[in-house]
Amino acid sequence: MTASRPRHGTVTLVTLALALTLTACSSGGAEKDNSPSAGTGSGTHTVKTAMGDVKVKDRPRRVVVLDTAELDSAITLGVRPVGATRAGAASAFLSYLPKDRTTGITEVGEIANPSLEKIAALKPDLILSNKVRDGGRYQQLSAIAPTVLTETTGYPWKQNFLVHADALGKKPQARTAVKKYEEHAAAVTEALGGKKKAADIGVNVVRFVEGADIRIYGKKNYIGTILADVGIGRPAITDKAKDGFSYDVSPEQIDKAAADVIFTSTYGNPNKAKVTETTTSGLWRKLRAVRDGKVFQVDDELWIQGIGYTAANQILGELESDLAR
């Protein structure tokens, strides 16, 4: 049986306090830096990027972000972009982000297919993205505004966050966000009974994807790093993941996802992602996590697509809620 419920479960007071502190440090004063009444911000500094050194304003005010990780970074650091790409068909921006932080952001097209005209119309003074999404249009973007690209997205999200923070002129705020996340992860480890008990819990993350095989996530991806930061154990199958990313299976191979606990998410149409076909099968019902009621359905936008510290802190809260029982 899969546990599916509103993701606002009870967490420890320590975890809640850490989350509230992070929210406080990434709003308020940071917002003022981007207001018309802030300083001139006329200076510049150089940022090392995947495309070489790029000179940007010390305090960019009109920022356009072209992928989900860049949007999460901006929100985490208290910056409200003037423009961002659309994350999916259901909503313009990922639903886990606070609505009061995304209200007023102009949509500039889909991820990996932004509208250069819409971006230019916003008169940005900084564009953030990565080579995977926008390497091929770097010259056009750079002609509009200084463009900072990281090499890729996903697994190196922590390093990418520091590049984003440098470009946004938010290094102090970034250090605070990282520290609060590390404290939060340590608090969750303790809530699970300490490092040894956390390591004894074998967790798999299974993603059903429309038009593709089912993914059993490995260790070299965003969610893998969060599980590692808490010290949660991973089944041996994760070491067989291609390039460390995922081990892909058909519904007839779902027994390979065996674990003490399974978190599942769905991208796209559930029927086309083979959710029902898989979860009603005998192989699925025989899995230990299924028999023990330790399968938890989670939000794909949060666990897989978000890729940043704002998402990570929410995921830590859910891990604690589901595993500290």
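Computed from the coordinates by the stated procedures, all read-outs in this text should not be read as laboratory data. Nothing here was measured: the structure is a model prediction, and the numbers come from that model. Here the Cβ positions follow ideal geometry from the backbone for every residue, glycine too, while neighbour counts run over all protein chains shown.
Sort PHE296, PHE245 by Cβ crowding within 10 Å, fewest neighbours at the top.
Exposure proxy ranking, most exposed first: PHE245, PHE296.
Convert each backbone phi in segment 122-139 into a coupling constant with the Karplus relation 6.51 cos²θ - 1.76 cosθ + 1.60 (shift: θ = phi - 60°), then list the ³J(HN,Hα) values in order as whole Hz, x for Gly and Pro.
7, 6, x, 10, 7, 10, 10, 6, 8, 5, 4, 8, 9, x, x, 10, 4, 4
Please identify, among VAL64, VAL148, VAL290, the residue showing maximal mean-square fluctuation in a Gaussian network model of the chain using a 10 angstrom Cα cutoff.
Its mean-square fluctuation being the largest, the pick is VAL290.
For THR150, what charge total do you get from the other residues with a beta carbon under 12 Å from its beta carbon, if Lys and Arg give +1 and Asp and Glu give -1?
-1
Output the direction-averaged projected area (hull surface divided by four) of the convex hull of the alpha-carbon atoms of the chain, in nm².
Mean projected area of the Cα convex hull: 16.0 nm².
So who's got an amide H within less than 5 Å of the one on VAL209, skipping anything under 5 residues away but keeping other chains? H placed 1.01 Å off N, in plane.
ARG215, TYR267
Take the chain, connect every pair of alpha-carbon atoms lying under 10 Å apart with a spring to form a Gaussian network, then pick out the residue of LYS48, LYS294, LYS286 with the largest mean-square fluctuation.
The residue with the greatest mean-square fluctuation here is LYS286.
Counting other beta carbons within 10 Å of each residue's own, what order do SER265, SER115 fall into, fewest first?
In order of increasing Cβ crowding within 10 Å: SER115, SER265.
Please give, to one decimal in nm, the separation of the simple spin-label points placed at THR46 and GLU110, each 7 Å out from Cα toward the Cβ.
Rounded to a tenth, the inter-label distance reads 3.9 nm.
Between GLN139 and LEU283, what length in nm is gained on full extension when 0.36 nm per residue of separation is reduced by their alpha carbon distance?
Contour length minus Cα-Cα distance gives 46.8 nm.
Determine the percent antiparallel among the DSSP beta bridges restricted to the chain, to the nearest 5.
About 40 percent, rounded to the nearest 5.
With r defined as the distance between the Cβ atoms of LYS158 and ASP239 and R0 fixed at 22 Å, what FRET efficiency is calculated, to the nearest 0.05?
So, using R0 = 22 Å, E works out to roughly 0.50.
Give me ILE232, ILE144 sorted ascending by neighbouring Cβ count inside 10 Å, so fewest comes first.
By the 10 Å Cβ count, ascending: ILE144, ILE232.
What number, rounded to the nearest 500 deg cm²/dmol, is the helix-based mean residue ellipticity at 222 nm of the chain, given -39500 (n - 2.57) per DSSP H run of at least four residues and division by all its residues?
That calculation yields -10500 deg cm²/dmol at 222 nm.
Under a 5 Å amide H to amide H cut-off, with H placed in plane at 1.01 Å, what residues pair with ARG234 once short-range neighbours are removed?
It is VAL203, by chain and number.
When the Karplus curve 6.51 cos²θ - 1.76 cosθ + 1.60 is applied with θ = phi - 60°, which whole-Hz ³J(HN,Hα) does each residue of segment 265-280 get, with x for Gly and Pro?
9, 10, 10, x, 6, x, 5, 6, 8, 6, 5, 5, 4, 7, 7, 9
Could you give the nm distance between label points at ALA186 and ALA120, where each point is 7 Å from its Cα heading toward the beta carbon?
5.1
Would you please give the residues with an amide H less than 5 Å from that of PHE296, counting only those at least 5 places away or on a separate chain, with H modeled from the backbone geometry?
Close amide H contacts, sequence-distant or interchain: ALA3, ILE262, PHE263, THR264.
Applying the Karplus parametrisation 6.51 cos²θ - 1.76 cosθ + 1.60 with θ = phi - 60° to the phi angles of segment 53-61, what ³J(HN,Hα) value in whole Hz is obtained for each residue in order, glycine and proline being reported as x?
Running phi through 6.51 cos²θ - 1.76 cosθ + 1.60 with θ = phi - 60° gives 5, 10, 8, 10, 5, 4, 9, x, 10 Hz.
Can you tell me the FRET efficiency between GLU252 and ARG291 if r is taken as the Cβ-Cβ distance and R0 is 22 Å, rounded to the nearest 0.05?
About 0.65, to the nearest 0.05.
With each pseudo-label sitting 7 Å past Cα toward Cβ, what's the THR276-ASP100 distance in nm, one decimal?
Computed distance between label sites THR276 and ASP100 equals 4.1 nm.
Comparing ALA289, ALA120, ALA143, which has the greatest mean-square fluctuation in the GNM of the chain with Cα pairs linked when under 10 Å apart?
Of ALA289, ALA120, ALA143, the most mobile in the Gaussian network model is ALA143.
When a/c reaches 1.5 or more, the comparison of a/b and b/c decides; with that in mind, is segment 121-173 rounded, prolate or oblate per its Cα gyration tensor?
oblate
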